[in-house]
1. Quick check on the exposure proxy: order D135, D186, D222 from fewest to most C-beta atoms within 10 angstrom.
2. Which of these, V404, V49, V316, has the largest mean-square fluctuation under a Gaussian network model of the chain (Cα springs below 10 Å)?
3. Given that just one value was derived from the coordinates, which of (1) 21.5, 68; (2) 23.4, 98; (3) 21.0, 60 is Rg and Dmax of the Cα atoms in Å?
4. What residue among D168, D290, D344 shows peak mean-square fluctuation when the chain is described by a Gaussian network model with Cα springs under 10 Å?
5. So what are the ³J(HN,Hα) numbers for region 65-79, from phi and the Karplus equation (6.51, -1.76, 1.60; θ = phi - 60°), rounded to whole Hz, Gly and Pro as x?
6. Report the residue, chosen from A299, A145, A386, that carries the largest GNM mean-square fluctuation when the chain is represented by alpha-carbon nodes joined by springs under 10 Å.
7. Take every Cα pair under 8 Å in region 292-369 that's 6+ residues apart, average their separations, divide by the length, and report that relative contact order as a whole percent.
8. Considering amide H positions built from the backbone, and no H for Pro or chain starts, which residues 5 or more places from F317, or on another chain, come under 5 Å of its amide H?
Amino acid sequence: MSLSSTPTQPTPAPGELSVEVQLMLQIFNPANRHNPFPFYRQLQDLGPVHRSPLGLSLLTRYDEIATVLTSSEWGHDQEVQHLHSGQEEVFPPVFMWMEPPDHTRLRGLVSKAFTPRRIMAIRPRIEEIVEELLDIALAADEFDAITGIAYPLPLTVICEILGVPAVDHDRIQEWSQILSWGLDPDHLLPQEAKDARAEATPKFLAYLRALIAERRAEPGEDLISGLATVEEQGDRLTEEEMLGTIIFLIVAGHETTVNLVGNGLLAFLRHPEQLALLRSRPELLRPAIDELLRYDGPAHLNSRSAKVRTTLGGQVFEPGDGVVTLLACANRDPRAFTDPDTFDITRFDGHAPVTKHLAFSLGHHYCLGAPLATLEMEVLLEAILARVGSMELLDDNPPYRPNVLIRGIAELKVRFHEGRP
């Protein structure tokens, strides 16, 4: 079957939901958050494009999703309208939801803080944080790796980069958790999540306005001070652009890494032979992180809208038509990856051609913080290999957070044993 063909589907009886719609409901059912992949595969096997009852089409296969992410015929500037109707006046401008030239201007101003040189300069601080967290973990009989490692590591790093005082980290985490869930499509959110988002957003913005004012009055070496004074070709960030940028950097800068760490630790706990292989071949560290991102990455979907009339997967899209790209589904597409449901840390070792995973997206919206997230995971795994002789998973059925867009574990009970095997 070609990638552009759509198989004939069984016709539902009157009053029955189609197979497609049933699978969509299963994908977004909170009861399946621990393992949506079988439903992804079934929908994927039915075809690359699926019209949902809500108007947006779901894309399931690698080729179509990669095309949308890299093509100038598709844009990312309608996500709020498509997924968060009525929230346009609440969210400040976020460059993630813009297209050139605005996206180019804002990303260019912010990217100066995320150059490889500047990211590597904070490696010693990341190592220090990891050592402190492992000290606590190794001293405990058992602990929750999510609250004990996955949250404090990236949260501390991004807050220190931005210049958020340590005394405020807890409330920043609380607001970020609310907003990361609030990024899910509105029709999937319970009213309590919408209410929490509506309450947290103005508090977060008020806090950041005060912090920006402090940094403008007394600039430091932090990123907020830099954004307040950054200039390129005579251009500056407005306060609203700064607010949107900082919120995005905080939420995306640590919530995704939280779930990379949590999902990654769970993958190694469930596949001890892969951890043993990594111990014997430490040069596989970076390929292992790429495999973690492909196999169980935190970002499961985003959206795009057609800029022009175009055809994709055998279906015609008019300007303004929206699609949801199921990134995690594409990362398990057997048309793109051999044995996609197998966790194999040698997959990206460079010895054989391999498709690029989509965990960080593609094109001009490729994740700005990818080098930082990768470095944080790299430092953590290096420390585990050096200091942790063995790891025990104390609950093989850990609970998951309700989030769809940024999917991750709510609690991961483990026991670390000091020493090398």
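Bear in mind these aren't lab numbers, they're just calculated from the coordinates by the rules spelled out. What you see is a predicted model, and the numbers here were worked out from it, not measured in a lab. Ideal geometry is used to build each Cβ from the backbone, glycine not excepted, and the neighbour counts take in all protein chains shown.
1. Fewest to most other Cβ atoms nearby, the residues stand as D135, D186, D222.
2. It is V316.
3. (1)
4. Taking springs between Cα atoms under 10 Å, the residue moving most is D168.
5. With coefficients 6.51, -1.76 and 1.60, one gets 5, 4, 4, 5, 5, 10, 8, 6, 7, 10, x, 10, 9, 10, 5 Hz.
6. The residue with the greatest mean-square fluctuation here is A386.
7. 33
8. The answer is T310, T311, L312.
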